[in-house]
Amino acid sequence: MALQADSPPQSALERQHSLLLLREMLRIRRFEEKCAELYSAGKIRGFVHLYIGEEAVAVGAMQAFDPDDAIVTTYREHGHALVRGVSAPSIMAEMYGKQEGCSRGRGGSMHLFDAATRFYGGNAIVAGGLPLAVGLALADKLQGRLRLTACFFGEGAVAEGEFHESMNLAALWKLPVVFCCENNLYAMGTALKRSESETDLCLKASSYEVPAWPVDGMDVEACEAATRRAATAVRSGGGPCFLEFRTYRFRAHSMYDPELYRDKQEVEEWKKRDPISTFGQRLQQTELLTDEDLKAIEDQVAAEIAKAIEFAEAGTWEPVEDLTRFVHSERK
Amino acid sequence: MAGTKTVRITYREAIRQAIREALQRDPRVFLMGEDVGRYGGCFAVSKGLLDEFGPERIRDTPLSESAFVGAGIGAALGGMRPIVEIMTVNFSLLALDQIMNNAATILHMSGGQFNIPLVIRTTTGAGRQVAAQHSHSLEGWYAHIPGLKILTPATLEDGRGMLWTALQDPDPVLIFEHGGLYNVEGELASDAGAVEIEKAMVRKSGTDVSLITYGGTLGKTLRAAEELAGMGVSAEVLDLRTLRPLDAEAIVDSVTRTHRAVIIDEGWRSGSISAEISARIMENAFYELDSPVARICAAEVPMPYAKHLEDAALPQVATIVETAREMVGERG
């Protein structure tokens, strides 16, 4: 079939999409680099867990989800929130603890929530979000809605009972959940091989009859392709899927981590596979990306982050008189 | 009540009626838990409901308390009105993470965006010679947690009526049914329906001493009040009905009338709801008191199996009578 005269050729669409993937990864990287600076400057407090190095997973995976799908994630969730469409200013204001933040300053870095994008948080108990995802999917199934729930968690979660209970329940009831396991090899400081007798995570999921496959978590296109495949399978009503994204966190676990548990050399080796620079190089080699494009993207991202910081700085503190709000609902 | 048509019914049947009515009235309501379907419920509360409503709405779960309670939270977030049955309070400890870290906190952490209209029903209490792991009374312990509502229906009316009101609540409600009550039989108005869930209720008026209790010990306390009446002591019996929010006003009103208070609680004494009630009396009615507040609680021991030891560990009618009698006698 001939293309209509005004529709862009396939290669242009591909280029556009590739640039989007690159831009989204850069948004996360630059946003979090700024978060680290602002943390040192005392603007952001509490626990902050950076996603730097793992950007390809959130960016690639999120391409497969529709606006009415639900997202459940963990305390390392700035990236997921940004790609999902939670606004950068509202995330930054949340990190500042301002009432203009996406959780009104009640949650902070670990508890980003946004009803408009069906973003069900930032759960800071490892594996605590998995049962929630099962329940959200159950609600959809019971109400005959054709949508799915995406559940992100780290490989540390597979040691928790909730992982096994949730995997079983989702499979038993054939619920539409895409389980996205971000295997960055360390649960805080505990290496997978030091904590699991069986380190093949897909095997664990498979034992519950959940289709599971590993994905190169440093390759954004691989992440997208695998998640699209999983989402398609899940939407067809066959039950959940499990994806193991093999990735690596370049920064410390949180802001208080001296990183005594891993070799500098290992970190350097993984940095050679930086998902942003490797993807950028690939795009340049295939002439999908020019230096001008890259500069334009960097400028765009920098402007967005500057605006986010401006918004957070200008934000206001919730009056102390409102301290006990949101313990119970205000509507009856 | 004169002229009101009544039916002879057990507490178990009253609760079953309440569940059936909820399922009939609201298509979003479903019951899930261990053995609620084919088995008919461990205490036969849900017997017959599977045939009437089918396996989607009377949903048997694996023995995965954390996952199915978490799934209840997720389903509530997804627009359903789940009734999750945890077979006994003892097993609720396996779901404590979900109850405390998710059900009780998500509304607040999300800055008021995500409320959780979830009802959890569970059996509580001792007195059936089932030893330490099946005899806990942890309702007072759960009442420590902001964000939850804690109901303790002690009568047929409340067994029949609290569930529907709890289901109308936008936030999580836990209902503790004392295991010793299921076989209690009595007359219930044939048109009995929803009751309010925030007020304590005077079950017997009196002038000399307030006997403050809830749940499984209401029956013993009423019997004690009868015995006391025979001795010329006019005891008022206040049924708290709800442990969170605690109806402090009703407690203070009663103590203001009688100037003496005995608290009867099947929980352990240290750090208990009885301690909380005592503190509220001291804070709000100190100058009304003619005598120090007394507490009759479970002995501080894991519940023993042997009947004579279990009896000795629990509040008994004779102890209530003796304590109140001595307290009133002190007036001279």
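Taking a Cβ cut-off of under 14 Å around B:Lys199, the surrounding Lys, Arg, Asp and Glu residues balance to a net charge of -4, with basic ones at +1 and acidic ones at -1. Stretching the chain fully between A:Gln285 and A:Ala191 yields a gain of 30.3 nm (0.36 nm per residue, less the alpha carbon separation). Once both labels are positioned 7 Å from their Cα atoms along Cα-to-Cβ, the gap between A:Ala222 and B:Ala306 label points is 6.7 nm. Taking the average, over residues, of other Cβ atoms within 10 Å as the packing measure, peptides A:31-44, A:242-255, A:77-90 rank A:77-90, A:242-255, A:31-44 from highest down.
Starting from the Kirkwood radius over alpha-carbon pairs of the protein assembly as shown, derive D by Stokes-Einstein at 37 °C in a medium of 0.692 mPa s and give it in µm² s⁻¹.
Details: Rh = 27.3 Å.
For the chosen part, D equals 120 µm²/s.
Under 5 Å between amide hydrogens, built in the peptide plane, is the criterion, and for A:Gly122 it picks out A:Thr73, A:Leu112 among residues at least 5 positions away or on other chains.
Regarding region A:3-162, what's the average projected area of the Cα-atom convex hull, expressed in nm²?
Details: hull surface 47.1 nm².
The orientation-averaged projected area of the Cα hull of region A:3-162 comes to 11.8 nm².
Rounded to the nearest whole Hz, the Karplus-based 3J(HN,Hα) values (6.51 cos²θ - 1.76 cosθ + 1.60, θ = phi - 60°) of region A:70-86 follow the sequence 9, 10, 10, 9, 10, 6, 9, 10, 4, x, 4, 5, 4, 5, 5, x, 5, with x at glycine and proline.
Comparing A:Val126, A:Gln143, B:Ala132 along the charge dipole axis of the protein assembly as shown, the residue lying farthest to the positive side is A:Gln143, per the Cβ-charge model.
Charges at C-beta only: +1 for Lys and Arg, -1 for Asp and Glu. How large is the resulting dipole of chain A about its Cα centre, in Debye rounded to 20? Before the final figure, lay out the partial values.
On the way: 38 positive and 50 negative charges, 139 e Å.
Dipole magnitude for chain A comes out near 660 debye.
Per residue, the convex hull spanned by the Cα atoms of region A:154-304 amounts to 152 cubic angstrom.
Set Lys and Arg Cβ to +1 and Asp and Glu Cβ to -1, take the dipole of the protein assembly as shown about its Cα centre, and tell me which of B:Met80, A:Gly60, B:Met162 lies farthest positive. Toward the positive end, the furthest listed residue is B:Met162.
Treating each Cα of region B:228-332 as an identical point scatterer and summing with the Debye formula, the log10 of I(q)/I(0) at q = 0.10, 0.11, 0.16, 0.23 Å⁻¹ comes to -0.30, -0.36, -0.75, -1.33.
Under unit Cβ charges (Lys, Arg +1; Asp, Glu -1), what dipole magnitude, rounded to 20 debye, does chain B have relative to its Cα centre?
Details: 31 positive and 43 negative charges, 97 e Å.
With Lys and Arg at +1 and Asp and Glu at -1, about 460 debye.
Computed over region B:170-252, the P(r) curve from all C-alpha pair distances, binned at 10 Å from the origin, holds 15, 42, 35, 7, 1 percent per bin. Note that region B:239-248 has calculated 3J(HN,Hα) couplings of 9, 5, 6, 10, 8, 9, x, 7, 7, 5 Hz, one per residue in order, obtained from phi through the Karplus relation 6.51 cos²θ - 1.76 cosθ + 1.60 (θ = phi - 60°); glycine and proline are x. Coordinate range of the alpha-carbon atoms in chain B per principal axis, descending: 64, 46, 42 Å.
Filter the cross-link list B:Lys47/B:Lys149; A:Lys193/A:Lys264; A:Lys34/A:Lys295 down to pairs whose alpha-carbon distance in this structure exceeds 24 Å.
Details: B:Lys47/B:Lys149 27 Å; A:Lys193/A:Lys264 18 Å; A:Lys34/A:Lys295 18 Å.
Pairs exceeding the cut-off: B:Lys47/B:Lys149.
Protection proxy ranking of B:287-295, B:268-276, A:212-220, by the mean of other Cβ atoms within 10 Å over each peptide's residues and highest first, is A:212-220, B:268-276, B:287-295.
Do the sum for the protein assembly as shown: with -39,500 (n - 2.57) for every DSSP H run of n ≥ 4, divided by all residues, what is the mean residue ellipticity at 222 nm, to the nearest 500 deg cm²/dmol? Walk me through the intermediate numbers first.
Values: 24 runs with 265 residues, N = 664.
Per the formula, -12000 deg cm²/dmol.
The dipole here belongs to region B:160-250: it is taken about the Cα centre, uses +1 on the Cβ of Lys and Arg and -1 on the Cβ of Asp and Glu, and is about 200 debye. The mean number of Cβ atoms from other chains found within 10 Å of a Cβ in peptide B:165-172 is 2, as a whole number.
Given a Förster distance of 60 Å, report the FRET efficiency between B:Gln133 and A:Glu292 from their Cβ-Cβ distance, rounded to the nearest 0.05. So, using R0 = 60 Å, E works out to roughly 0.30. Positive contributions from Lys and Arg (+1) and negative ones from Asp and Glu (-1), summed over other residues with Cβ under 13 Å from the Cβ of B:Thr105, come out at -1. Relative to the longest principal Cα axis of chain B, at what angle does helix B:218-230 sit, 0 to 90 degrees, rounded to 10? Between helix and principal axis, roughly 20 degrees.
Per-residue mean of other chain beta-carbon atoms within 10 angstrom of the beta-carbon, peptide B:77-87?
Details: counts 9, 16, 6, 7, 0, 4, 0, 1, 0, 0, 0.
Mean partner shielding for this stretch: 4.
In summary, the aspartates and glutamates within cross-link reach of B:Lys5, defined as a Cα separation below 12 angstrom excluding same-chain residues under 8 places away, comprise B:Glu187, B:Asp191.
With only Cα atoms counted, chain A has Rg and Dmax values of 20.0, 65 Å.
The alpha carbons of region B:264-319 stretch over 43, 23, 10 Å along the principal axes, in descending order. Relative contact order, whole percent, for region A:127-201 stands at 36, derived from Cα pairs under 8 Å and 6 or more residues apart. Every Cα-Cα pair of region B:53-182 was included, and the share exceeding 18 Å stands at 53 percent. Residues in region A:250-265 carry Karplus couplings, in order, of 7, 9, 5, 4, 9, 6, 10, 10, x, 6, 7, 9, 9, 6, 4, 4 Hz; the curve used is 6.51 cos²θ - 1.76 cosθ + 1.60 with θ = phi - 60°, and Gly or Pro positions show x. Extension gain for A:Lys307 to A:Leu20 (0.36 nm times residue separation, less C-alpha to C-alpha distance): 101.3 nm. Taken residue by residue and averaged, Cβ atoms of other chains lying within 10 Å of the Cβ of A:120-133 number 6.
Values in this text are rule-based calculations from the coordinates and carry no lab data. Since we're looking at a predicted model, the values are computed, not measured. Every residue, glycine as well, gets a Cβ built from its backbone with ideal geometry; the counts of neighbours run over all protein chains shown.
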